[in-house]
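Notes for the one structure printed next.
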Amino acid sequence: MADGARRSGPVRKPPGHGPPRPAELRGVLRGPRPAEARIRPSAGMNARSPGVDLSSWRDEFPVLERKAYLISASLGPVSRRSRSYLDAYVDAWASKGAPDHVWFEDIFPTMRALKDRFATLAGCHPDELAITTNISIALSTIASCVDFSRRRKVILSELDFPTDGHVWLAQRSRGAEVEFLKSPDGLTIPLEEYEQAIDEDTAIVMVNRVLYRSSALVDAKEVCRMAREAGALSIVDDYHGIGIVPLDLHDLGCDVYTAGVLKWLCGGPGLVFLYARRDLLPELEPAVTGWFATREPFSFDTQHLELHPTARRLEHGTPPAPVYPVALGGLEIISEAGVDRIRARQGELTDHVIARADEAGLPVRTPRARGERGGVVNVGVGPDAGSICHALLERNVCTDFRGDGLRISPHFFNTEADVDRCFEELRPLL
């Protein structure tokens, strides 16, 4: 819709598909609004396995035999299951040879399984999911759908992950005006900042559900509501929340959402999911695209572009197939362990990190209340944080750092003993 006029009549939405939009997107997207979205539900999705003893998962991750691995917020460890799936893919590639057999018997089924598994984890439909390689490409694809001729303002926080800012700053040549909301304490962004900034000139409201430095939770649902009321497009970056903070995308009420498997999902680099609510899909006409975004990619039609009716329209070129079996193994494990149970266990572990930091007299740059933080505790260690982090790594303790703080990020498979080892090794380095 490029004319900026308010739509006449409501958009049809499937039952249970999130809150209605009192003000539809006005003059934001370039694509036309069709009579209805052309999506057919697929078969049922995988369910979580109840009754899992979380400590039993330690044997699944070989790195835990040697290291106190407290860096899942940067790179989740690879599992034995993921390794076995990758080996099976390479064996299929080596034995079948002919590309059609490998693609249609191995790669495409794995891609479908990934979407099914993630849809269950995130509370959406597989047809609302595209697969791409990283958040930068995902956001650039959405940005290419936006018409900045009527509404120009893009709102995000100075505490959001850098690539979020970079993608939208790159849109200034197309007319975007980027506004960064300021944090009063370097840890959080008050909702009032969003409320004051969002207005009738706002095209995009970007929000991170969990902030990467402090691990502070943001009320993304409320931010999306504000955007919806103003007729702006809401986009959630959840790379630091997916897999550890329970999620129901349809309840969240966002227009677009993106998250990857690199961190808490233990799926390695190279796979990001891009969600768009199903009734919005026909209006998304990306200029960043490729042949796998088309309705019939294997028709090899160079002269016509007909985008797929599902979220596949947001995909790109030939996918990096070896990434997918690794990602599937991680997704399965997180689903089987259960995000609710992971959340509870991680709360215990991060409480222990905070207690040990307090004992050591080190400042905590993360909200202390469990309900206000994600999976990271940022512990201030001074200007030598980088060298301290590397010294810990030499002692087989894995953390990372941002600024003058160590980011300590235990996952569900960690123990209090891992945290204690970290602080014991840290003491002589301070």
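The values are calculated or read from the model by the stated rules, or taken from the named source; none is laboratory data. Because the structure is a prediction, the values reported are computed rather than measured. Cβ placement follows ideal geometry from the backbone for every residue including glycine, while neighbour counts extend to all protein chains displayed.
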Just to be sure I understand the filter: pairs with C-beta atoms under 9 Å, separated by 6 or more residues or on different chains, first member in the range 239-251 and in the same structural domain as PRO269 (by the TED database), second member surrounded by fewer than 22 Cβ atoms within 10 Å (Cβ to Cβ) and charged (D, E, K, R). Which pairs pass? ILE244/ARG343; VAL245/ARG343; PRO246/ASP340; PRO246/ARG343; ASP251/LYS221
Output the residues belonging to the range 296-340 that are without any contact (Cβ under 8 Å) to a residue 40 or more places away in the chain, in a loop (DSSP other than H, G, I, E, B) and out of contact with any strand residue (DSSP E or B) (no Cβ under 7 Å at 6 or more places or on another chain). GLU296, PHE300, ASP301, THR302, GLN303, HIS304, GLY317, THR318
Report yes if some residue within the range 245-259 is among the hydrophobic types (A, V, I, L, M, F, W, C), surrounded by 24 or more Cβ atoms within 10 Å (Cβ to Cβ), touching a Lys or Arg at 6+ places or on another chain (Cβ under 7 Å) and in a loop (DSSP other than H, G, I, E, B); otherwise report no. no
Only one of ALA344, ALA369 is under 29 Å from ARG81 (Cβ atoms), free of Cβ contacts under 8 Å to residues at least 12 places away in the same chain and not polar (S, T, N, Q). Can you tell me which? ALA344
Return the only residue of ARG117, ARG150 being modelled with pLDDT under 95, more than 23 Å from GLY290 (Cβ to Cβ) and in the same structural domain as LEU217 (by the TED database). ARG150
